[in-house]
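Some notes on the structure that comes next.
The values are calculated or read from the model by the stated rules, or taken from the named source; none is laboratory data. Predicted model, so just to flag it, every value in this text is computed and none were measured. Using ideal geometry, Cβ is built from the backbone for each residue, glycine included, and neighbour counts are taken over all protein chains shown. Accessible surface areas use protein heavy atoms only, side chains included; no ligands, DNA or RNA. Shrake-Rupley method; radii C 1.70, N 1.55, O 1.52, S 1.80 Å.
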Amino acid sequence: MFEALKKKGYQIEFVSHALAILQIDFPDAAAELEEVILRQSIPIEEIIGSGGGETKGTQRLRNGLTAKGWTKEIFTIKKTINDEPRESISHKVDHVRLVHRKAESEIESLSRLNGTIKIRSSIATWRTSKRLHSEGGISLGVMVTRGTSLQDNILSLVRPWVDEKQIDTFERLSELGIEQTSRQRREVLRRVQRTRNPIPFRDAWASQFVSDKFGAATTHWRKLDDRIKRGVGNPCPLLLIGLPAAIVTFGEDPQEIKSLIEAGAQALEEDEE
């Protein structure tokens, strides 16, 4: 399963019988997921223009899944004691795929009428997945994050863009719509102006940007894998997908890129509401 993704460099891992669940219960949904992801690409400008956040840096993936019926949904879990409300918790999920079983014999053999698969990319998703799975809200969780090759090659991907755009000053960054905080400016200038081994502005900015936005504290494959091995999220079945460096593109249509970044920014605002 997902052999086409593996051939393109995607990392795939199944946790807690997720493979068997997908193969037997949700083969069509799995095929949809693979089809959408195979078509994905991320313009380098989207990564930089979005500040590095995966929430905005995978806008094409969002659009593709939505077009296939993987829509955003809010799960609300309410508990009562003697009809008195005691607890109400809501979980917003980026993409949910509801699968309806049609054949009665299939219902009986699989012992379920409806199956729900959810997909998200943040670390907090583990807690949400576990809770929703334990309450019977979902059958499987899918997590998409930066794969090892993408994580390890971010700097080498960003640096050519810096040369192309001639990033030699903070003013040049502002012209491109990329603002810097006081802390970020200080970090760059510290490297440029130090007495011993000062480095060019382009190198200093690229290094600081990658460290700040794609560092060890952010969500990526190794961090995901480490938490899974420690049992975080168990026993919810999970499909883990790591995005490869090969899907980052250069020289795409500026108007298309602008639309992606604007749509991603709007999606982020909605997520934070």
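Here are the numbers:
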{"item": "In region 56-82, residue modelled with the lowest pLDDT [restricted to those that are under 22 Å from A206 (Cβ atoms) and not basic (K, R)]", "result": "G57"}
{"item": "Pairs where the first residue, in region 152-178, is closer than 29 Å to Y10 by Cβ and the second is open to solvent by less than 60 Å² (accessible area, probe 1.4 Å) and of a type in the set (K, R), C-beta under 6 Å, 6+ apart", "result": "V162/R202"}
{"item": "Total residues in region 195-246, condition touching a residue at least 40 places away in the same chain (Cβ under 8 Å) and hydroxyl-bearing (S, T, Y)", "result": "3"}
{"item": "Set S156, S174: member being open to solvent by 60 Å² or more (accessible area, probe 1.4 Å), at pLDDT 80 or above and either of a type outside the set (S, T, N, Q) or assigned to a helix (DSSP H, G or I) (or both)", "result": "S156"}
{"item": "Failed item in (1) at pLDDT 70 or above; (2) β-branched (V, I, T); (3) open to solvent by less than 90 Å² (accessible area, probe 1.4 Å), with I107 passing the rest", "result": "(1)"}
{"item": "Filtered residues of region 228-256 (kept if surrounded by 17 or more Cβ atoms within 10 Å (Cβ to Cβ), at pLDDT below 85 and assigned to a helix (DSSP H, G or I))", "result": "I228"}
{"item": "Every residue from region 164-203 that is within 27 Å of the chain's Cα centre (by Cα) and aliphatic (A, V, I, L, M)", "result": "L173, L176, I178"}
